1. For Asp236, state whether it is in the same structural domain as Thr304 (by TED's automatic domain parsing), surrounded by fewer than 23 Cβ atoms within 10 Å (Cβ to Cβ) and within 23 Å of the chain's Cα centre (by Cα).
2. Out of everything in the stretch 130-148 that is of a type in the set (S, T, N, Q) and outside any helix (DSSP H, G or I), what residue ends up being surrounded by the fewest Cβ atoms within 10 Å (Cβ to Cβ)?
3. Cβ-Cβ distance below 8 Å, separation of 6 or more or different chains: which pairs start in the stretch 284-297 with a residue that is in a strand (DSSP E or B) and crowded, with 16+ Cβ neighbours inside 10 Å and end on one that is among the basic types (Lys, Arg) and at pLDDT 95 or above?
4. Taking the criterion of being surrounded by fewer than 24 Cβ atoms within 10 Å (Cβ to Cβ), among the β-branched types (Val, Ile, Thr) and modelled with pLDDT under 95, would at least one residue in the stretch 100-114 satisfy it?
5. Considering Ala49, Ala104, Ala27, Ala55, which residue is assigned to a helix (DSSP H, G or I) and over 19 Å from Thr140 (Cα atoms)?
6. Just give me the residues in the stretch 150-178 being within 22 Å of the chain's Cα centre (by Cα) and surrounded by fewer than 19 Cβ atoms within 10 Å (Cβ to Cβ), in sequence order.
7. Sort through Ala207, Ala193, Ala203 and tell me the only one that's out of contact with any strand residue (DSSP E or B) (no Cβ under 8 Å at 6 or more places or on another chain) and either small (Gly, Ala, Ser) or at pLDDT 95 or above (or both).
8. I'd like the full set of residues that are over 13 Å from Gly222 (Cβ atoms) and not in a loop (DSSP other than H, G, I, E, B), limited to the stretch 149-179.
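The values are calculated or read from the model by the stated rules, or taken from the named source; none is laboratory data. Bear in mind that the values here come from a model prediction, so they are computed numbers and not experimental data. Note that we place each Cβ from the backbone using ideal geometry, even for glycine, and neighbour counts take in every protein chain shown.
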Amino acid sequence: MHIGRAPAVLVLALACAVHPAAPQPAAKVYRVGVLEAVPSAQNAANLEALRRGLADLGYAEGRNLVIVYRSADGHAERFPELAAELASQKVDVIVTRGTPATNAARNAAGAIPVVMATMGDPRAIVQSYARPGGNVTGLTTFSTELSAKRVELLKELVPTLSRVALLHNMANPAVPAEWEETKAAARALGIEAELLDVRASGALPGAFAEASQHHAGAIVVGADGLMQANRQVVVDLAARYRLPAIYPDREFVEAGGLATYAVSFPDMYYRFAAYIDKILRGVKPAEIPVEQPMRLELVLNARTAKALAIAIPQSLLVRASEVLH
């Protein structure tokens, strides 16, 4: 067997010596679109987690990956235009956060797969958790379900609390369900609930003034792109009016907010990578189940609590994922 194959090997070797090796085909460069409510600089921790997850699966910018980022800068009405722009850039997949961004991507993308982190019930977007159908899959942030827990945590932080306000954007289709959850949780605790419906950044100061005038004792801040894009403004207004507030992600607490109880968004963005990899390898989004969050975190800001004259109860300190000082 070896003798019979030798001449062929010799001829091949000589041919290679005489003729330059044929160039290898370039590796495919995948284009991942990201449709967000906030600029990339304001989303740095999540993007870093996404890049790390993709790198662990063999994707690296400058080699076989391009990330095309588009931000609505807190203006949800821009999502359809930006989603259409990503589709025109011939991206292989679009990553979204929030129901408005996900709906815009689904409507504009055609056959382009969409990986979402939806704030509301994902069944408003997909057929089911197990069999999403269509071109959308991803993860849910449990935002609606967590609304009640956030009210309960505020009651623990402020035992005398008798009136709580939900600061949210009712133009977001995921928000009415969060408002219903907030009202139900408040009612169960003997607390009155008030809605502060804010649909533009210019209305934020007036909303906090209204909450103060109506003697709200604390605020639940909703997970909407408008709030995310105006994170520091919201945190500063809460401090100015001395209103304890609980927020939809840890970045608000890092900016000086009192508390958050939410999914770990960096963890979620890292998990996006597995979805993207499956899709780039040919698995259809319709066949990839929507996942629920694996990690929830309670993060408290001790400095802000002290400024508000709040003594964080030991029951919360022992349950906290982290306490910032």
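1. Yes; evaluated as a whole, the condition is true for this residue.
2. Per the criteria, the residue is Asn135.
3. Glu291/Arg271; Glu297/Arg250
4. Kept after step one, since they are surrounded by fewer than 24 Cβ atoms within 10 Å (Cβ to Cβ), are these residues of the stretch 100-114: 103, 106-112.
Cutting the leftovers down to among the β-branched types (Val, Ile, Thr) gives us 112.
Right, trim to modelled with pLDDT under 95 and you get none.
No, the stretch 100-114 has no match at all.
5. Result of the check over Ala49, Ala104, Ala27, Ala55: Ala55.
6. Matches in the stretch 150-178: Met170, Ala171, Pro173, Pro176, Ala177.
7. So the residue among Ala207, Ala193, Ala203 that is out of contact with any strand residue (DSSP E or B) (no Cβ under 8 Å at 6 or more places or on another chain) and either small (Gly, Ala, Ser) or at pLDDT 95 or above (or both) is Ala203.
8. Lys149, Glu152, Leu153, Leu154, Lys155, Glu156, Leu157, Arg163
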